[in-house]
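Read the structure below first, then the notes.
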Amino acid sequence: MAADLHSATVDPPWDLDAWRQSARAALRACIAPAQMAWSDASDASLFGAPPALAQAPLRASPPVARAFLPLAARVLAHRDPQRHALLYRLLWRMAEGEPRLLAHGLDADVFRARALEKTVRRDLHKMKAFVRFREVLGAHEEFVAWFEPDHHILDLVAPFFVRRFAGMRWAILTPYRSARWDGSTLAFGAGARPGDAPQADAREDLWRTYYANIFNPARLNPRMMRQEMPQKYWKHLPETHTLPTLLREAGSRVRDMAQRDAEPSRKPVLVSRTRARCENGVRSTYRKT
Amino acid sequence: MELLDKLAVLADAAKYDASCASSGAGKRDSLGKGGGVGSTGGMGICHSYTPDGRCVSLLKILLTNFCIYDCVYCVNRVSSNVRRARFATDEVVRLTLDFYKRNYIEGLFLSSGIIRSGDYTMEQMVEVARSLREDHHFRGYIHLKTIPEASPELLAAAGRHADRLSINVELPTDDGLRALAPDKSADGIRGAMGELKWRIDAAREDRKAARRTRSATPPTFAPAGQSTQMIVGADGADDRAVLDRSVALYDGYRMRRVYYSAFSPIPDASAALPLKAPPLAREHRLYQADWLLRFYGFGVEDIAPRAVDGSATMLDLEVDPKLAWALRHPEFFPVDLNRAPREALLRVPGLGTRNVQRVLASRRHARLRLDHLTRLRAPLVKMLPFVQVLDHHPRGALDSPDALRARLAPPARQADLFG
């Protein structure tokens, strides 16, 4: 019933502290999950419902399982519009007689939360893997990357890049937010556009060469490749520009190898086994190819 | 030769090594260390995937593909006609740092052909690792392929700088090694693995003791341990022989991983090799068997029972080794997911270690039903004939294992492209 409805606005919508303040107030005011309407900052549809934050507490905050907050932090990063309500439902159930609820992985609510968490974890993992820095021309050891994560994960992932690239200056730009590290401080700022990052890097040729040569055409398995490196990430990865050629030529490279089997070695064992163990004189034979 | 050409040759030469792991190094980072880059921590990261479906985690290259040895399965053997190249040590250092700073890689996996002598080659490889660590404060992952003949001092230096060391056992049997890698010695390889194990264990003990007495921490030695690789299908060894050798390696040298590499057609192949590559499915089944041995409480005899007539023991290529075991042992099933102990749950086809944990945790809260099982994201078709829950019992499904096998085995696929 609308009359009983209370509202809560989470701003920014991925922020654990913002969600937590409203959730704690609602829990202490004994507002059941069905009576709560959660919204992002941008969403004004709940105009008129009294905010849960303003309700007088009827009880002290019940204790919460330690595993809940890290779970909540990751679930909040998901773009699912139901996530705020889902987390509150879990919190409510734990406070209302199911303190060990999170261990019941096959419960429908827990399962849903874990599924959202898993998606966010995967997004985090892929971002750690697929961010590609480009060096800023004319600057010394300064790098910028453009990346489009599926979810609001920049705040969660930035500390990883700080620990790894502490000795560089870098920025990661995404459409909704950006992170900058100047060698001592991490700062977050507004979203950006792809054109705000450098468009090329001199080392990318070397990287593409490595990528083209480390793969074994005799073991072609593009299905596996796509599963682990979905096509939506390809635009961020300089090495994938060579993929069409690599895939097209794999078959003929393997056939070439198979045909060469038949040929006798052009340099039949020049060095006998006893001589091969000698320490000198062998390298010069093969130096020029 | 241009750097770009060298990289092409020396990456191409390294691609037959299966290992790409960058895990197990422990937590380490560059924050507050006054310069340098690099971090490691638990899980490795795959920064890209090549069209063969393999993970690109490390810059995996050879220092040189010149080699004085003549191992017939190896593209770099002295009698092969491949293009040769050699990196200067500082070129490898530069490449590693440049790639790392752009977030292309987790670190370096350096291997090499043998030039002049084992010691000379090892010295060059150790110099790369030393320079990365000491001159550039690099804290990413380093894996060095160790040369069994190298002197103990060089092994010690390698372990000081590297996270992981590996020596390839190359072939499943000593006879195979004698026939295909005449310059290598099985005893020499085992001796060097034993030496690495001893140093890894000793360093770990020293550090533990130092923590107890709160004295200065002694240096680490290959904190991510040692691994090895076996080539499958180049000699006549059967899967039983491969798995027996794996168990000996895991038990005897505390290997972190044994990698199986299906012998792959190489350019300019030797006539001593079989004409055809073994099916990749064989390699896949061996990895599954390896997992069952290490994490599921299976023994080699469970997975690959010796044939009574002494014929070759090969894993079933059509069904995974756990399902194959279950079909040979219908008397063990159905397993009651609400009551069975962990060891029995681990034997259920389609149920992995994670899901076993989930079942154990969830059944404390509720009696499990089919509805719960659908949330496991496990292959139910494979699992249901072997399990019982509140509202499900397989009835007669296990009476005829052959019919069940026919239902669960994938339909025969077209033979591979050149088979």
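The values are calculated or read from the model by the stated rules, or taken from the named source; none is laboratory data. Everything numeric here is computed off the predicted structure, so don't read it as measured data. FYI the Cβ positions are ideal-geometry reconstructions off the backbone, even for glycines, and counts take in every protein chain you see.
A few comments on the model shown:
- Any hit, the range B:156-164, residues being assigned to a loop (DSSP other than H, G, I, E, B), buried (at least 20 other Cβ atoms within 10 Å of the Cβ) and modelled with pLDDT of 90 or more: yes
- Every test in (1) surrounded by fewer than 21 Cβ atoms within 10 Å (Cβ to Cβ); (2) within 25 Å of A:K235 (Cα to Cα); (3) in contact with a strand residue (DSSP E or B) (Cβ under 8 Å, 6 or more places away or on another chain) is passed by B:G53 save one, and that test is (3).
- When restricted to residues that are more than 9 Å from every other protein chain (Cβ to nearest Cβ), under 18 Å from the mean Cα position of the chain (by Cα) and assigned to a loop (DSSP other than H, G, I, E, B), the range A:140-184 contains 11.
- Scanning the range B:44-56 for residues that are in a loop (DSSP other than H, G, I, E, B), facing chain A (nearest Cβ under 8 Å) and of a type outside the set (K, R) yields B:I45, B:C46, B:H47, B:T50, B:P51, B:D52, B:G53.
- Reported count of residues in the range B:22-34, each being more than 10 Å from chain A (Cβ to nearest Cβ) and either surrounded by fewer than 22 Cβ atoms within 10 Å (Cβ to Cβ) or among the basic types (K, R) (or both), is 3.
- The number of residues in the range A:116-139 being within 9 Å of chain B (Cβ to nearest Cβ) and among the small types (G, A, S) comes to 1.
- Helices (runs of 4 or more DSSP H) within the range B:238-327 that include 3 or more residues at positive phi and surrounded by fewer than 21 Cβ atoms within 10 Å (Cβ to Cβ): none
- Per the conditions (1) under 30 Å from A:P238 (Cβ atoms); (2) surrounded by fewer than 17 Cβ atoms within 10 Å (Cβ to Cβ), the sole criterion not satisfied by A:W146 is (2).
- Among the candidates B:V37, B:V72, residue that is facing another protein chain (nearest Cβ under 7 Å) and in contact (Cβ under 8 Å) with a residue 40 or more places away in the chain: B:V37
- Criterion violated by B:R363 - all others in (1) within 13 Å of chain A (Cβ to nearest Cβ); (2) charged (D, E, K, R); (3) over 23 Å from B:D302 (Cβ atoms); (4) surrounded by fewer than 16 Cβ atoms within 10 Å (Cβ to Cβ) satisfied: (4)
- Checked against the criteria, B:A129 counts as in a helix (DSSP H, G or I) and not basic (K, R).
- Test: A:A72 is under 22 Å from the mean Cα position of the chain (by Cα) and modelled with pLDDT of 90 or more: yes
- Of the helices (runs of 4 or more DSSP H) lying entirely inside the range A:219-288, not one carries at least 2 residues that are at pLDDT below 50 and within 22 Å of the chain's Cα centre (by Cα).
- So A:Y210, is it modelled with pLDDT of 90 or more, crowded, with 17+ Cβ neighbours inside 10 Å and at the interface with chain B (Cβ under 8 Å from one of its Cβ atoms): yes
- Subset tally (residues that are of a type outside the set (F, W, Y) and part of a helix (DSSP H, G or I)) for the range B:344-392: 25
- Considered as a group, the residues in the range B:1-21 that are aliphatic (A, V, I, L, M) and assigned to a loop (DSSP other than H, G, I, E, B) include one that is surrounded by the fewest Cβ atoms within 10 Å (Cβ to Cβ), and that residue is B:M1.
- Single residue of B:L59, B:L108 found to be within 8 Å of another protein chain (Cβ to nearest Cβ) and assigned to a strand (DSSP E or B): B:L59
- The lone exception for A:D196 - which of (1) out of contact with any Leu (no Cβ under 8 Å at 6 or more places or on another chain); (2) surrounded by fewer than 18 Cβ atoms within 10 Å (Cβ to Cβ) it fails: (1)
- Positions within the range B:165-194 being closer than 18 Å to B:T220 by Cα and surrounded by 22 or more Cβ atoms within 10 Å (Cβ to Cβ), in sequence order: B:L165, B:S166, B:M193
- Residue match in the range B:213-227 (condition: free of Cβ contacts under 8 Å to residues at least 12 places away in the same chain, away from every other protein chain (no Cβ under 14 Å) and either among the β-branched types (V, I, T) or surrounded by 15 or more Cβ atoms within 10 Å (Cβ to Cβ) (or both)): yes
- A:A218 being over 30 Å from A:F160 (Cα atoms), surrounded by 13 or more Cβ atoms within 10 Å (Cβ to Cβ) and facing another protein chain (nearest Cβ under 8 Å): yes
- Restricting the first member to the range B:350-370 and to residues that are at pLDDT 90 or above, and the second to residues that are of a type in the set (D, E), the beta-carbon pairs closer than 7 Å and six or more apart or on different chains are B:R369/B:D391; B:L370/B:D391.
- Subset of the range B:95-124 [basic (K, R) and either touching a helix residue (DSSP H, G or I) at 6+ places or on another chain (Cβ under 9 Å) or buried (at least 24 other Cβ atoms within 10 Å of the Cβ) (or both)]: B:R102, B:R116
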